[in-house]
Amino acid sequence: MRAIQKMNTITRVMFVLITFAFMSCSDDENVSPEGARFVDLPSNLVTSYDGVLQYNVNQVPQVTESDATATVSKTGDKVYKVSFSDGVPEVTGLRFIENNGTFASASDSGSSEGVSLRLNDLSVGIRNGDKHWQFSTPN
C-alpha cells in the first residue's frame, strides 16, 4: 500500500513539473521589438572598423586587443555578420532595426545581442552561452 501511495505522489509531482515546464516555454520565433521592421544597412556602414576587441569564454579572456578590426558584411536578405581579427569567431545572423540614423541588432536567435552602428562607429556587446564579444571604435 505504501508503494502505491509513493507512486501516486511521484506521479503527481512529475505531472506538476511537466505542466510548469510546458507553461513556461514561449514562442521564440519572433523576439524582435513589437512592430519593428528589419532594414538593409546603408552601404557606407557595411565596411571594416578599427577598435578595441575583447573575447571571453567562460568569463576567461581569450583575446584582448587594442588594435583590432571588425568587418560588417551582408550574408543574405537583411542579414549580416561581424567578422573579427585575431582569430575571434564571427557573429552571424544579425538583423537590424533603424532609429534616427542608428542601427541596432535585434535577435531572432535567442542570444543576448547588442550591435549598434552609425557613421564611423561600431559597438558590439554580445553574450551567447558562455561566449562574450566586445568591440568598440575609439571616440
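The values are calculated or read from the model by the stated rules, or taken from the named source; none is laboratory data. As the structure is a computational prediction, the values presented were derived from the model and not from experiment. Cβ sites come from the backbone with ideal geometry, for glycine too, and all protein chains shown count toward neighbours.
Things worth noting here:
- Scoring Pro89 on the criteria (1) in contact with a strand residue (DSSP E or B) (Cβ under 6 Å, 6 or more places away or on another chain); (2) not in a strand (DSSP E or B) leaves a single failure, condition (1).
- The set of residues in the range 13-36 being closer than 30 Å to Leu119 by Cβ and either in contact with a strand residue (DSSP E or B) (Cβ under 7 Å, 6 or more places away or on another chain) or modelled with pLDDT under 50 (or both) consists of Asn30, Val31, Ser32, Pro33, Ala36.
- Being surrounded by 14 or more Cβ atoms within 10 Å (Cβ to Cβ), at pLDDT below 95, of a type in the set (Ser, Thr, Tyr) and within 14 Å of Val46 (Cα to Cα) is a description that does not apply to Ser83.
- Selected residue (only one of Val88, Val52, Val72, Val115 is β-branched (Val, Ile, Thr), modelled with pLDDT of 95 or more and within 21 Å of Arg37 (Cβ to Cβ)): Val72
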